[in-house]
1. Contact list please: Cβ distance under 8 Å, first residue in region 165-178 and under 18 Å from Gly191 (Cα atoms) and at pLDDT below 95, second residue near the ligand (Cβ under 7 Å from one of its atoms) and assigned to a helix (DSSP H, G or I), pairs at least six apart or on different chains.
2. Looking at region 163-181, which of the residues that are more than 8 Å from the ligand (Cβ to nearest atom), part of a helix (DSSP H, G or I) and over 11 Å from Cys127 (Cα atoms) is farthest from the chain's Cα centre (by Cα)?
3. Keeping to region 81-112, report how many residues are of a type outside the set (A, V, I, L, M, F, W, C), farther than 26 Å from Val144 by Cβ and touching a strand residue (DSSP E or B) at 6+ places or on another chain (Cβ under 6 Å).
4. Just the residues that are within 16 Å of the ligand (Cβ to nearest atom), within 19 Å of Leu61 (Cα to Cα) and among the aliphatic types (A, V, I, L, M), please, taken from region 86-118.
5. For region 26-45, give me the residue count where each residue is under 19 Å from Gly238 (Cα atoms), part of a helix (DSSP H, G or I) and not aliphatic (A, V, I, L, M).
6. Is it the case that region 149-156 has a residue that's among the basic types (Lys, Arg), assigned to a helix (DSSP H, G or I) and over 15 Å from Met6 (Cβ atoms)?
7. So the check is Cβ under 9 Å with 6+ separation or different chains; which pairs have a first residue in region 57-86 that's in a helix (DSSP H, G or I) and a second one that's of a type in the set (Phe, Trp, Tyr) and surrounded by fewer than 18 Cβ atoms within 10 Å (Cβ to Cβ)?
8. Scan region 73-95 and give yes if some residue there is under 13 Å from the mean Cα position of the chain (by Cα), surrounded by 15 or more Cβ atoms within 10 Å (Cβ to Cβ) and on the phi > 0 side of the Ramachandran plot, otherwise no.
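The values are calculated or read from the model by the stated rules, or taken from the named source; none is laboratory data. All of these numbers come straight from a predicted model, not from anything done at the bench. Please note: Cβ atoms are built from the backbone with ideal geometry, for glycine as well, and neighbour counts cover all protein chains shown.
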Amino acid sequence: MARRPMMAANWKMNKLIREAEEYVKELLPKISSAEGVDVAIFAPFTSLLEVVRATRETPVLAGAQNFYYEDSGAFTGEVSAPMIEDVGAGAVIVGHSERREIFGETDDVVARKAARAVSAGLLPIVCVGETKEERDAGSMWEKVSGQVRVVFERVDAGGIRGEEIVFAYEPVWAIGTGETATPEDAQDAIGRIRGLLGEIGGESFAEQVRILYGGSIKPGNVDDIIAKEDVDGGLVGGASLEAASFAELVNGAAPDSSGGG
Ligand code: PGA
């Protein structure tokens, strides 16, 4: 399959500017021989410019963890797509479950953000996933398919290439809990998401869109998950905070790594 795997670090609300700088300095030589894998770091706004600077001459993509879909105006505390582009970042996480659950982001807000990111030329990583209760109640697919469908009420699947959007399937019960989805469960959800993308945007669109898994990924549990046919890499929180463990994940995701790096 032609999709390039991606390994993305989601630092969440961690790292000062100095720590961001040290991290990138440590990471770069450790991943210098990882080929065929896209690497992204999603930093807090305060250290984003430092990550952009430190990765400028490298293939590492710097991204933000959130933004607001309006471009400017009376939105105290918010940051817009043009502002993210202004610092030189190229990607943004949209609809992380922590944004949805703690900060009350609705499906419609998530869809508007995804659409604005795409139109601004920022690569959105759109997060979807069910809670433990929803999984136990057998409504995983109802939840996840609904979250995916609503994105395409604002994003015109016919008007973009599959490379312009990334999804991350992150079951909420697996985030930061140490409990990972089984490779089979990850493949099941992600394969169904790809099927749905095919219904929405056509077969070739669906074949181009990358869909990551996220939720307690660490070196040691990721190989079997990303080896699955439809899983195109990972969005990593806790295990991305140390450059050494994130480097291990990046090297393991490189197609020619033959089992890690
Ligand atoms: P985790 O976080 O790897 O710490 O579970 C993943 C995420 O929330 O993106």
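1. Final answer for the pair search is none.
2. Looking at the filtered set, the residue picked out is Trp173.
3. Let us first name the residues in region 81-112 that are of a type outside the set (A, V, I, L, M, F, W, C), namely 82, 85-86, 88, 90, 95-101, 104-108, 112.
Cutting the leftovers down to farther than 26 Å from Val144 by Cβ gives us 82, 85-86, 88, 90.
Of the ones still in play, those that are also touching a strand residue (DSSP E or B) at 6+ places or on another chain (Cβ under 6 Å) are 90.
The total comes to 1.
4. Selection gives Ala91, Val92, Ile93, Val94.
5. Residues meeting the conditions: 3.
6. yes
7. As it stands, the answer is Met83/Phe45; Ile84/Phe45, since those pairs meet every condition given.
8. Yes, region 73-95 has at least one match.
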